[in-house]
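Following: one structure in structure tokens, then a few remarks.
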Amino acid sequence: MLRVAVVGSGPSGVYTAQALVGQNAVPDIRVDVLDRLPCPYGLVRYGVAPDHEKIKSLQGSLRAVLEDERIAFLGDVEVGARGLTPARLLELYHAVVYCVGASRDRRLGVPGEELRGSFSATEFVSWYSAHPDAVHDDFGLDRPGAVVVGAGNVAVDVTRLLVRRAQELEPTDIPQSALVALGASGVREVHMVARRGPAQAKFTTKELRELGALPDTRVLVDPAELALDPAYADPSGLPAVSRRNLEVVRGWAEAADAAGAVGATPSARTVRLRFFLRPVEILGEDGRVAAVRFEHTAPDGAGGVRGTGRYEEIPAGLVLRAVGYQGAPLPGLPFDPARGTVPHAAGRVLRDGTPSPGEYVAGWIKRGPTGVIGTNRPCAKETAASLLADAPVLARRTVAPDPVAALRALGHEPVLWTGWQAIEEAEAALGGTLGRGPVKIPDWAGLRGAARRGQPIG
Ligand code: NAP
């Protein structure tokens, strides 16, 4: 028998488990998918925005994998805690695949970042996704202006959530406290600010277009900022996604231009897409964010930008930096701090440049925080193929007879699939009491309590 631990039950972990059992390459294989959280699905549950129901529905296909009889989900097991080091894990399993994602958010490195009202987009996403580690629940939504720094899909997500109405979010699984707070929000204008031009923005066109389709929300783009983009005049050399993005923002710029001061209802919200502005300072008043100071930039001719020495301040009571994630080192596992990834060759973890027997990586910790969910599929397949090729050698390693018993001996109390199903039932029941569909439980005690009601202790 080949016993494999996959660490992380997000898309890369689940796709890895699927690829390992998929081809019957090893007839007698067992895969335990461990997660630090009591709940599976990683960023599909805790990153995909609640109003992206179609992407959320991917949970259905991830579920089918985790319900395979050769695969077991073991939630609430944190690698790195209670003596469960990578070395110890290798004593329990013939092979371990780390699919731990990129959990840290990047910082701007400008003065004022610590002011009240300045957050990472991750903190905001964790809050509206009911992540049990979310620490903030007061985002200062009482002020009319908000600034979102960055031009990736996370920036688009948080911008959209800031302008959505409660009635649009009510049918989703957003936690009740976030629904109430967003419903009472005084935010009327969100500035989504990119340091480069629209042709270099990282968002995808479908996500971008969605901003223009929001009820009672106008999207404003300044044609002068578009014109600065070197690709504006001739976009033919751009990747298809950038060409499409440029078309969309150009359409908005022309619409706003034609309408002049666009008329809006008092309840209307505005999204201003700004380009060629880089943040230099977050300005405060009484310890709280009051504005962001940006320097206007100009293309440097090599795809980047240079400062122009001209500055602009955008008033804001809330600043969200959505400038990307980065991988975090896991003690006991090699880490390349410059890339924020674990060094590897075709998914085989490299220690001092040499493949470490039995250790593998897949997903963002392997290739960095880029790509959409589907990008994880070929990435996971490559890693699984490496592991399966090594299987004859790996299977000769001596491992503990019962890894779950060994985890319990270390003080971990895994949430089994029945425990997760009990959490799902508890979330459906919570939603029922609120007259809503399933509503996520936002805290550790609630999740653990629900899980324990659904699985035998022992
Ligand atoms: P991202 O795509 O890497 O975008 C980061 C943005 O931050 C870029 O516009 C970048 O500008 C900007 N930035 C970085 N450092 C900055 C600084 N110091 N000052 C100002 N701007 C700065 O990261 P992300 O939005 O976090 O997304 C991560 C991954 O998740 C992406 O692959 C994304 O597609 C995926 N995702 C997908 C969805 C979806 O499909 N719906 C939703 C959410 C996330 P430069 O380009 O100039 O560096």
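The values are calculated or read from the model by the stated rules, or taken from the named source; none is laboratory data. Being a predicted model, the structure only gives us computed values, none of them experimental. Please note: Cβ atoms are built from the backbone with ideal geometry, for glycine as well, and neighbour counts cover all protein chains shown. Surface areas here come from the heavy atoms of the whole protein model, side chains and all, with no ligands, DNA or RNA. Shrake-Rupley method; radii C 1.70, N 1.55, O 1.52, S 1.80 Å.
I'd like to know if segment 414-429 contains one or more residues that are open to solvent by 30 Å² or more (accessible area, probe 1.4 Å), aromatic (Phe, Trp, Tyr) and in contact with a strand residue (DSSP E or B) (Cβ under 9 Å, 6 or more places away or on another chain).
Start the filter on segment 414-429 by keeping residues that are open to solvent by 30 Å² or more (accessible area, probe 1.4 Å), which leaves 416-418, 421, 424-425, 428-429.
From what is left, the residues that are aromatic (Phe, Trp, Tyr) are 417.
If we keep only those that are in contact with a strand residue (DSSP E or B) (Cβ under 9 Å, 6 or more places away or on another chain) too, we end up with 417.
Yes: one or more hits.
Which of the residues that make up segment 333-384 are open to solvent by 50 Å² or more (accessible area, probe 1.4 Å) and away from the ligand (no atom under 16 Å from the Cβ)?
Listed by number, the residues that qualify are Phe335, Pro337, His344, Arg348, Arg351, Asp352, Gly353, Thr354, Pro355, Pro357, Lys381, Glu382.
List the helices (runs of 4 or more DSSP H) that sit entirely inside segment 154-227 and contain at least 2 residues that are away from the ligand (no atom under 16 Å from the Cβ).
Working: elements: 166-169, 176-183, 205-212, 223-227.
Correct list: 166-169, 176-183, 223-227.
Which one is nearest to the chain's Cα centre (by Cα), of the residues in segment 49-99 that are within 16 Å of the ligand (Cβ to nearest atom) and over 23 Å from Ala451 (Cα atoms)?
So the residue we want is Ala49.
Scanning segment 309-330 for residues that are farther than 22 Å from Ala290 by Cα and touching a residue at least 24 places away in the same chain (Cβ under 8 Å), which turns out most open to solvent (accessible area, probe 1.4 Å)?
Looking at the filtered set, the residue picked out is Gln326.
Looking at segment 106-124, which of its residues are assigned to a strand (DSSP E or B) and open to solvent by less than 40 Å² (accessible area, probe 1.4 Å)? Give the derivation first.
So in segment 106-124, the residues assigned to a strand (DSSP E or B) come out as 116, 118-120.
Passing the criteria: Ser118, Phe119, Ser120.
Looking only at segment 8-44, count every residue that is open to solvent by less than 10 Å² (accessible area, probe 1.4 Å) and in a strand (DSSP E or B) and tell me the total.
Residues flagged as open to solvent by less than 10 Å² (accessible area, probe 1.4 Å) and in a strand (DSSP E or B) within segment 8-44 amount to 4.
Take the residues in segment 57-67 that are in a helix (DSSP H, G or I) and either modelled with pLDDT under 95 or open to solvent by 50 Å² or more (accessible area, probe 1.4 Å) (or both), then tell me which one is nearest to Trp420 (Cα to Cα). Step through it out loud before you land on a result.
Taking segment 57-67 first, the residues in a helix (DSSP H, G or I) are 59-66.
Restricting the remaining residues to those that are either modelled with pLDDT under 95 or open to solvent by 50 Å² or more (accessible area, probe 1.4 Å) (or both) gives 61, 63-64.
Values: Ser61: 16, Arg63: 11, Ala64: 14 Å.
The extreme case among them is Arg63.
Which condition breaks for Trp127 when tested against (1) of a type in the set (A, V, I, L, M, F, W, C); (2) within 30 Å of Val399 (Cβ to Cβ); (3) surrounded by 21 or more Cβ atoms within 10 Å (Cβ to Cβ)?
All conditions are met except number (2).
Determine whether segment 319-342 contains at least one residue that is farther than 30 Å from Ala362 by Cβ and modelled with pLDDT of 95 or more. Break it down stepwise before answering.
So in segment 319-342, the residues farther than 30 Å from Ala362 by Cβ come out as 319.
Still in the list and also modelled with pLDDT of 95 or more: 319.
Looking through segment 319-342, at least one residue is farther than 30 Å from Ala362 by Cβ and modelled with pLDDT of 95 or more.
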